[in-house]
Structures are given as C-alpha cells and as structure tokens.
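**Q** Attaching a single structure in structure tokens format; questions to follow.
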Amino acid sequence: MTVRAVVLPATPLLVPGAAGAAIALGAVRDAVLEPLRRAAGPGTDASAPQRWGVLADGAQDRRGARRASLAAAGMADRWVPDLPGPPVGEPDSAVAGVAASIGLWAVGAAAGAPALAGVEVVELAGGADPDAVAAALDVLAAVDVLVVAATGPRGPGTAAGRVLAALADRGDWSGRTVEVPVDGPHLLATYAVTTWEGAAR
C-alpha cells in the first residue's frame, strides 16, 4: 500500500512564516508532511511520483496552473517566503485561493520544487455543478498523489468531498485519521489529518 492522498486542515498557520516569528502548529505540520514525504520517496529524482494534484474548497469552480498566495488571508507574499513561486513555465498563472495555496505549499515542502511543475490544481465551490465535479474526477484520477486542503473540521466541503470519496472508491483506498492535539491561544484543541492509502499504480 502506498500513500495516495493526504487531507490537511486549510489553515494558513501550517505554512512557516505565516504566524510571523511564532512557531505554530508544528506537530500538525509534521503529521501532514510525513506521509507526503513517504509518498515522494527517498528523493525528488525519477523514482518520485511524477504527477501531483491539489484539491481544495474554493469560492468558485476552477482548475489549471495556479500560483500560491496567502494575500486573501491578509498576508503579503513577501512575508511568507516558504510559499512556492509560480509553476515552471507559468509565470503569469492565476492566483490560487487560500486553501489551494496551502496545498501547493505542502507539495513543495514534501517533494521539492520539481514536483510543482505540472501539478493539477482543482478548486470547487460547495455547490459545484455536476460537470465541474466530473471534470475534477477526470483530471485527478490521473495523479499519483493528491493533497486535499479542507476548510471544514472533518474534511473538504460538499463538492470536493464528493470528488475525494469517488476517487477513494475507485482506487479502493483506505483512510486513517489522526487527531493532533494543539495547545495555544486562538487555536482549535485538535486538528485532523487524514491519510488515504491504496495500491501503487
């Protein structure tokens, strides 16, 4: 069995630097990156997965090359140097929503910048139409490892959740959720991270 998807909480505090000099959610970050690094393999060479995807709750249905940014959450990109830059060959790509940007950060942090080239980014609104859901399934069924950025406490919203459930069913994936306790002001008591595993391609 191999890691096929990781569902992370889409909080900007996962990204180093988003909380300024404070170290926030270190244990949650470790719980997210550990399975993704296992999925990436021993290095970012030819043995690593070639196709990565990001599925996220969003304000509207869209897919394609995206540039990570937390500006919509009130954080200028220059304050968060760990955010990945534009995809290779896509310097003028559209800006991803906050949740998708956190997913892109996780891909880069776990697998290195080369993994961001050609990453499939899909954002779905809660009431996505059936055509958008079907298109998302077609695109994401081809990726090796999927990062799912969930704005809800237990998983992604309605449409993204349907896509993840369908992919898991198709691939006969099994999920395991870890509740990571956190101690700090203005934070949830626990954050959920779910790892989905299935047969290697």
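**Q** Which one of these is open to solvent by less than 30 Å² (accessible area, probe 1.4 Å), under 19 Å from Ala96 (Cα atoms) and touching a Lys or Arg at 6+ places or on another chain (Cβ under 9 Å): Ala168, Ala160, Ala135?
**A** When all the criteria are applied, what remains is Ala135.
**Q** Could you please find all residues in region 32-51 being within 15 Å of Trp196 (Cβ to Cβ) and either at pLDDT 90 or above or among the small types (Gly, Ala, Ser) (or both)?
**A** Val32, Glu34, Pro35, Leu36, Arg38, Ala39
Condition check ((1) of a type outside the set (S, T, N, Q); (2) part of a helix (DSSP H, G or I); (3) more than 21 Å from Thr195 (Cβ to Cβ)) across all residues:
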position: Asp82; (1), (2), (3): yes, no, yes
position: Ala100; (1), (2), (3): yes, yes, no
position: Gly103; (1), (2), (3): yes, yes, no
position: Ala106; (1), (2), (3): yes, yes, no
position: Val122; (1), (2), (3): yes, no, no
position: Asp131; (1), (2), (3): yes, yes, yes
position: Leu137; (1), (2), (3): yes, yes, no
position: Gly155; (1), (2), (3): yes, no, no
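**Q** Looking at Val148 and the list (1) in a helix (DSSP H, G or I); (2) in contact (Cβ under 8 Å) with a residue 24 or more places away in the chain; (3) within 18 Å of Val3 (Cβ to Cβ); (4) not aromatic (Phe, Trp, Tyr), which single condition is not satisfied?
**A** (1)
**Q** Anything in region 163-190 that is in contact with a Leu (Cβ under 7 Å, 6 or more places away or on another chain) and touching a residue at least 40 places away in the same chain (Cβ under 8 Å)? List them, or say none.
**A** Val163, Leu164, Leu167, Val182
**Q** For region 1-31, give me the residue count where each residue is of a type in the set (Val, Ile, Thr), modelled with pLDDT of 90 or more and either under 21 Å from Pro185 (Cβ atoms) or surrounded by fewer than 21 Cβ atoms within 10 Å (Cβ to Cβ) (or both).
**A** Matching residues across region 1-31 total 4.
**Q** If you scan region 148-157, which residues turn out to be crowded, with 20+ Cβ neighbours inside 10 Å and among the β-branched types (Val, Ile, Thr)?
**A** The answer is Val148, and nothing else.
**Q** Out of (1) among the hydrophobic types (A, V, I, L, M, F, W, C); (2) out of contact with any Lys or Arg (no Cβ under 6 Å at 6 or more places or on another chain); (3) closer than 19 Å to Ala39 by Cβ, what's the single condition that is false for Val143?
**A** Here Val143 meets the rest and fails (2).
**Q** So how many residues does region 159-201 have that are closer than 22 Å to Ala132 by Cβ and not hydrophobic (A, V, I, L, M, F, W, C)?
**A** 5
**Q** Between residues in region 113-136 that are at positive phi and residues that are part of a loop (DSSP other than H, G, I, E, B) and crowded, with 19+ Cβ neighbours inside 10 Å, which pairs lie under 8 Å by C-beta distance while being six or more apart or on different chains?
**A** As it stands, the answer is Gly118/Pro87, since those pairs meet every condition given.
**Q** Let me ask something else about it. Quick check on my filter: what residues within region 59-85 are of a type in the set (Asp, Glu) and either more than 20 Å from Glu123 (Cα to Cα) or open to solvent by less than 50 Å² (accessible area, probe 1.4 Å) (or both)? It would help to see each step written out before you state the result.
**A** Keep residues of region 59-85 that are of a type in the set (Asp, Glu), which gives 61, 77, 82.
Answer for region 59-85, where residues must be of a type in the set (Asp, Glu) and either more than 20 Å from Glu123 (Cα to Cα) or open to solvent by less than 50 Å² (accessible area, probe 1.4 Å) (or both): Asp77, Asp82.
**Q** Name the residue that is modelled with the lowest pLDDT, counting only residues in region 102-142 that are farther than 26 Å from Asp77 by Cβ and touching a Gly at 6+ places or on another chain (Cβ under 6 Å).
**A** Filtering first and then ranking leaves Gly126.
**Q** Something else about it: Residues in region 177-193: is at least one small (Gly, Ala, Ser) and buried (at least 18 other Cβ atoms within 10 Å of the Cβ)?
**A** Yes - at least one qualifying residue is present in region 177-193.
The values are calculated or read from the model by the stated rules, or taken from the named source; none is laboratory data. Predicted model only: the values in this text are computed from it and were never measured. Because the Cβ atoms are built from the backbone with ideal geometry, glycine has one as well, and the counts that use them run over all protein chains shown. Surface areas here come from the heavy atoms of the whole protein model, side chains and all, with no ligands, DNA or RNA. Shrake-Rupley method; radii C 1.70, N 1.55, O 1.52, S 1.80 Å.
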